[in-house]
């Protein structure tokens, strides 16, 4: 799916910086990307008007449904480098925290994530290229349990999990889950479409900019067998550079812990915006 | 210089993600940006053909002259937030290491930096927007001296300085300088133009991409009074994701330590490339 | 097992800094500690004399057998805080890389780890208190595989794994494993005793110091069901502050990937050394 | 001042882990250490009883005077490695935030720092060895100004400075200063003695422990010429692992920005405590 483009001089294979003829120095390769992740997810409700504030036109908020998660990802670099977890382990794992808003595009339901934090630069730029709105966090941690640790129970009723995300020395988001029972695939809120914004700025007259509402092209969904259901909480914090707490107060519905794998193939453009 | 663009719904003031109507959540604001930095810089020569490999068309290598530096930056967030060093100190300082190649565009001499590493995400994206080819480093350190530390000499003949940059657990670049004498402004190699590449990728048919050769618009140059001249060394390391060592062997000429302030106003487009 | 000691004023419950009457600010609580970890381990041989260099008296090297691993730990804070993975996830996971030397104490076989790197301060001090010789690493990464990631095979013959440890911008140790077959518990080299050195320095006459050869008291061993056997490699790197590469050349024997849980109860003093 | 001690086998020159005969792998060398630092300091008052809670016996609180600072340090590794800023820049700079309490030992006035956070492991252990009560912070940032940055005023009346310290994703302490005028050496609160606690724990019967009230031996004080005086603020944050906010409410008096150099020679034992 990587578009090779013809430079005047030569075919340049780089997907992104560093741009070289070989393409080997690119901070990230083009899609498809394959992912496997552990999620602590909490579904919640907020005031639809407050949520609408964060949706790019023409996405429309629905009933105030939203979601927050903290997650631990394993991923590939590209279709041609499936050995990345071995060759360069620092290019194959990252953490991600996000807040998503249920919405519709021309009546087609989906989710849009106005806030996504990750802890590796290549995940940042890969996200922007696909249409995910990302910043780097300085610190994302989440509860991990280990099957063989003595005394500490593994996943099951009564187990408590949490995660947080911080940036510039301030906590932005905390979530927690107290498991009450096994869940099922039906507990995952179905979001047939994932909308995003491919946005790259211009700063001077004469420059091109990119401003595209997209639908991220997903496939290969694989939901882990163990799904855990329970009481979820989400805390949002005010800080100078983050507006996420504008959606307070929120009403948590329930939380889940589960594993999920999928593939991102690229992004289909729905609309292209121009500056006036 | 920030281009406000009209979203369908509303005027959106965000320069970049997170895109919100207020613009307050943007990872970085639009230019101009003001900078003050401490540099350890080494000028060197390499094979012009090897250097040309890293230049985007139609930039032309000159005589094999090049430069490497490690630096410690203080900067502003935007013209409207000159208080950033106070309000959000984590948004106002960063380290940067880079390798630049002397080149010409239509016979106008300048420098192009195919490799630039920084340690904050907002510096990364600000750089990309201006046309600088950046990656995050996991670790950039350089010698700092302190005027009031007992026993350790301050800058002067005999003082030794060094710096390095590492990513994904591997050293990429080391530079060192042994000061021999005071230098002058003439020891700084003049690079009237700084060229860059504004490049944002497309990954699917129908998406726009940006591929612009630019000249970064600079001003307010302020060179610090103390310039130190000496013997410089540069080491480049091979690693899986970095091609910088392709320019080896290199011949170091001399090094400098100095302070420099300047403003980046934006980038003037020289050429727009399209995919074939 | 925490020794409460009577301060003149009050009973102080702190195990370590910050020392307060409540003990709540202690960077780490006293043992026992419970652990569950994923290991990539490579057994190797080196020159016994070179290994002996790193053993405190009166430990005796055996046949040159040694081990290196990179690992991913989940742990408890103390017996009274088994909910740490939930309450404070940053206090419950860390990475560890180490090199251990097979040795004997009064003919009792065991292992001593002269080099251990971790990435959290509380693991550092907890280790020192138990008798493990630790430094902080700036970057420890290891391959993680995910059961639900598309296209990327999970553990099995042919799978390749790696890990590394870096400090001060330099790689110190890399290990890799190419799995060839299932392993068994017998492939784990038995080390009935783990020896350590509780060492806390004095810097001025009149200060006490601690210099105790100890045997770490372990229990609750739980070996994961899946053990993977294969071809292992270990690379040691020279750097200014690390002498580990003195044991080169080494001859790798084989490697394992496995999960292991255990408890550290404290350390039994074998010998107390005094300064002359 | 480094005490070489005779191991049975050999003279071991290591000050701390990694303990080797050469001493080269030690995470830190013995004192003296030389320091040069930039401070943002705020003097404040709190309830003497609340402050007394954090003082080890027999230190006595005075009138509720206390101090908080965030600072940026340059230092040496040891008397024998004054070239550390060149040879290993990552071993020569760190940040430190602290809260100190004015107190007396047998009527001799001084200061004791129950809370000190740093961002390098070697500073952590060096501090413990001297008697400073330290933890690692994940993030310490403070305002730096640059003499040559355009538009942004350098130190002077009206300039605002701030700093913060965070750990485990939570802000612990913030301080800020708005400069109103030049200060003088007399504005620095004189603390003739700096008291500390050399404390290394035992976790099992039979182990030695260290619990010594000490006076840190200082010298070579060099106060920078420019001292800036102004309105200071201190914010303390509650978090699970930090009790510092117990001293709230506090009343800030004034703040200073200044540069200071000094030497730590070691620690003189005042009292040795034993467990009961």
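Rule-based calculations on the coordinates, nothing more; no lab input. These figures come from a predicted structure and were not determined experimentally. Counting neighbours? That spans all protein chains shown, and the Cβs are built from the backbone with ideal geometry, glycine included.
Largest mean-square fluctuation among B:70, B:210, B:118, in a Gaussian network model of chain B whose springs join Cα atoms under 10 Å apart, belongs to B:210. When the alpha carbon gyration tensor of segment C:75-153 is reduced to an equivalent ellipsoid, its three semi-axes come out at 27, 20, 13 angstrom, largest first. Test of understanding: extend the Cα→C-beta vector of residue D:154 to 7 Å, then name every residue of segment D:34-49 with backbone N under 18 Å from that spot. So the set is D:38-39.
Once you average over the residues of C:206-217, how many Cβ atoms of partner chains fall within 10 Å of each Cβ? Provide the component values of the computation, followed by the final result.
Numbers: counts 8, 12, 9, 7, 7, 5, 4, 0, 4, 0, 1, 2.
That average works out to 5.
Look at where the Cα atoms of segment A:119-187 and of segment B:179-250 average out, and the two centres are 38 Å apart.
The mean number of Cβ atoms from other chains found within 10 Å of a Cβ in peptide B:127-137 is 5, as a whole number.
Sorted from closest to farthest, the other copies place their residue C:107 label points 6.5, 8.8, 9.1 nm away, with each point set 7 Å from Cα along Cα→Cβ.
Taking every residue in A:108-114 and counting other chain Cβ atoms within 10 Å of its Cβ, the average works out to 1. On the rotation that sends chain C to chain D, the chain C Cβ lying closest to the axis gives residue and distance in whole Å as C:200, 2.
The mean sequence separation of alpha-carbon pairs under 8 Å and at least six residues apart, normalised by the residue count of segment D:35-272, gives a relative contact order of 23 percent.
For C:165, B:75, what ranking results if the residue with the fewest other Cβ atoms within 10 Å of its Cβ goes first? Can you show the working numbers first?
Working: C:165 32, B:75 24.
Taking fewest neighbouring Cβ atoms as first place, the list is B:75, C:165.
Could you order the peptides A:173-186, C:188-201 from most to least packed, using the average number of other C-beta atoms within 10 Å per residue?
On the way: A:173-186: 17.8, C:188-201: 20.0.
Ranking, from highest mean packing down: C:188-201, A:173-186.
Spatial offset of segment C:90-111 relative to segment B:96-115 amounts to 51 Å, using the alpha carbon center of each.
Taking chain D as a Gaussian network of alpha-carbon nodes connected by springs under 10 Å, the highest mean-square fluctuation of the residues D:134, D:102, D:231 belongs to D:231.
Using only Cα atoms and rounding to the nearest 10 degrees, what angle (0 to 90) does helix B:121-130 make with the longest principal axis of chain B? So the inclination is approximately 80 degrees.
Label point of residue C:60 (7 Å along Cα→beta-carbon): distances to the other copies' equivalent points are 5.9, 7.6, 8.5 nm, sorted ascending.
Expected output is a single nm value to one decimal: the length gained when fully extending between residue C:180 and residue C:24, i.e. 0.36 nm times separation in residues minus the C-alpha distance. What is it?
Values: separation 156, 0.36 × 156 = 56.16 nm, distance 4.79 nm.
In short, 51.4 nm is gained.
Normalised by 2.2 N^0.38 Å, with N the number of residues, the alpha-carbon radius of gyration of segment B:35-272 equals 1.01.
Classify the protein assembly as shown from the C-alpha gyration tensor, please: rounded if a/c falls under 1.5, else prolate or oblate depending on whether a/b exceeds b/c. Rounded.
Label zone of residue C:220 (point 7 Å out along Cα→Cβ, amide N under 18 Å): in segment C:122-164 this covers C:123, C:126-127, C:130. Relative to the other identical copies, residue D:181 shows label-point distances of 4.8, 7.2, 8.5 nm, where the label point lies 7 Å from Cα along the Cβ direction and values run shortest first.
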